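Following: one structure in structure tokens, then a few remarks.
The values are calculated or read from the model by the stated rules, or taken from the named source; none is laboratory data. Bear in mind the structure is a predicted one, so any value in this text is a computation, not a measurement. Note that each Cβ is placed from the backbone with ideal geometry, even for glycine, and that neighbours are counted across all protein chains shown.
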Amino acid sequence: MGASARGGPSKKVWPHTWAPRPNLSMTSDNEFHACPRRYWFSYAPSEFKKQHFSNEIRVQYSLLPWNALAGIVVDDIIRADLRGYLAQRHWIEDLYGAAKDRLAEYRVNTRNWRPEAREGKDYPFGRPNLVDRFYYDDKPPTKEDGAKVKEIIERSLENYTASGLRDYFLAYGTDAWRITLPIKDQPVPWFRMGEVPVYASYDFAIDSPEITLVVDWKTGQQNQWSERKASEQLHTYAGFAMAEWGATLDKLWIMPVWLGAGSQWEPIRVDPSILEAQKRRFAERFADLVPRCRAVDRDPMAMETLFPMTDNLKACADCKFRACPGYSRVAAAAIEPTLASDREEVE
């Protein structure tokens, strides 16, 4: 057996297979809370989707909300920067130039796929997300919208460069770096929190004899709500580090890096009480989901009652699944989607 970063027997090496269903993450748990039908559209087994969901629903699953686009592009470029250094010992010189190219890829890819979707083709697994406002015709992004996204991306990457994190990470040696691969190359990391399969799609981590540090890049607004959501998310990743890398609480830290707010950063101690609260939360949701999923496996029509549409029309207005019957209620009630600034994405 090989040696781990801690000098002992090597841990399990990714990729695993995909997590068994039902499984959870902070994202999917929040999806269920917002709308059980939206959860099922997103997380039903692939074969169920093929047999019982329309092509429109299956394609709309791949849509990325416009307000998450800047964050996704920043994640993509920082991951490419770190992986590029691992492979070639060379940093990307023009991060913003690379980001503009990546942003254009999302736009062109989405618009090129629209005719394919109209012909009833499924969107290929592992391709970059389609972007909702490039996909739908009713509210295409204006020049001002595009300029705002580019400004967030440019500011975030400037703060990343100024943060000194490249040198900080290098101080632990690249053997301690943990970077995930795209899902076409590697299943999303997951672990068991008690009996519950939980996904942990972390951005970057250091796992060394001195420290285990899990990092997440944030481009949204930093406020009390977003800090709480980021903490919950990173504590899930901390649970993964404990289960899969053998991390211990005395050396385990988490770190949201608020790139939209500046270049400062500070590791935070993992809070055992938050880990325990998450374990209870996931266990309760899992206990609720298992009988629902089994019942729908036996009778697909049971989806209507076991995964009902939300009564909250504001949640419908923000939903990417416009082929859902519930979305027609939005137009009838003249409900406007929530402004991006009011619902910053943290995952």
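Couple of notes before you dig in:
- Residues in the range 288-313 that are among the β-branched types (Val, Ile, Thr) and surrounded by fewer than 14 Cβ atoms within 10 Å (Cβ to Cβ): Thr305 only.
- Any chance Ala70 is closer than 23 Å to Lys150 by Cα and buried (at least 19 other Cβ atoms within 10 Å of the Cβ): yes
- Of residues in the range 205-239 being under 15 Å from the mean Cα position of the chain (by Cα) and aromatic (Phe, Trp, Tyr), the one surrounded by the fewest Cβ atoms within 10 Å (Cβ to Cβ): Trp217
- Restricting the range 314-338 to residues that are surrounded by fewer than 19 Cβ atoms within 10 Å (Cβ to Cβ) and among the β-branched types (Val, Ile, Thr), the residue that is modelled with the lowest pLDDT is Thr338.
- Hey, Ser273 farther than 29 Å from Glu158 by Cβ, surrounded by fewer than 18 Cβ atoms within 10 Å (Cβ to Cβ) and polar (S, T, N, Q) or not: yes
- All of (1) among the acidic types (Asp, Glu); (2) under 30 Å from Gln51 (Cβ atoms); (3) in a helix (DSSP H, G or I) hold for Asp311 with one exception: (3).
- Yes/no for Ala171 being out of contact with any helix residue (DSSP H, G or I) (no Cβ under 9 Å at 6 or more places or on another chain), surrounded by fewer than 19 Cβ atoms within 10 Å (Cβ to Cβ) and touching a residue at least 24 places away in the same chain (Cβ under 8 Å): no
- Of the residues making up the range 216-260, those that are under 16 Å from Pro189 (Cα atoms) and not hydrophobic (A, V, I, L, M, F, W, C) are Asp216, Gln233, His235, Thr236, Tyr237, Gly239, Glu244, Gly246.
- Filter result for Lys184 (touching a Phe, Trp or Tyr at 6+ places or on another chain (Cβ under 9 Å), at pLDDT below 95, surrounded by fewer than 11 Cβ atoms within 10 Å (Cβ to Cβ) and not in a helix (DSSP H, G or I)): yes
- The number of residues in the range 247-265 being modelled with pLDDT of 95 or more and assigned to a loop (DSSP other than H, G, I, E, B) comes to 4.
- Hey, Leu64 in contact with a strand residue (DSSP E or B) (Cβ under 6 Å, 6 or more places away or on another chain) and either aliphatic (A, V, I, L, M) or closer than 28 Å to Gln222 by Cα (or both) or not: yes
- Looking only at residues of the range 126-168 that are among the polar types (S, T, N, Q) and under 20 Å from the mean Cα position of the chain (by Cα), we find that the one that is surrounded by the most Cβ atoms within 10 Å (Cβ to Cβ) is Ser156.
- Wholly enclosed helices (runs of 4 or more DSSP H) of the range 29-108 bearing at least 1 residues within 17 Å of the chain's Cα centre (by Cα), closer than 18 Å to Phe204 by Cα and in contact (Cβ under 8 Å) with a residue 12 or more places away in the chain: 69-88
- Odd one out for Trp91 among (1) of a type outside the set (S, T, N, Q); (2) modelled with pLDDT of 95 or more; (3) within 24 Å of Thr142 (Cα to Cα): (3)
- Looking across the range 109-163, the residues that are β-branched (Val, Ile, Thr) and either modelled with pLDDT under 90 or in a helix (DSSP H, G or I) (or both) come down to Thr110, Val149, Ile152, Ile153, Thr161.
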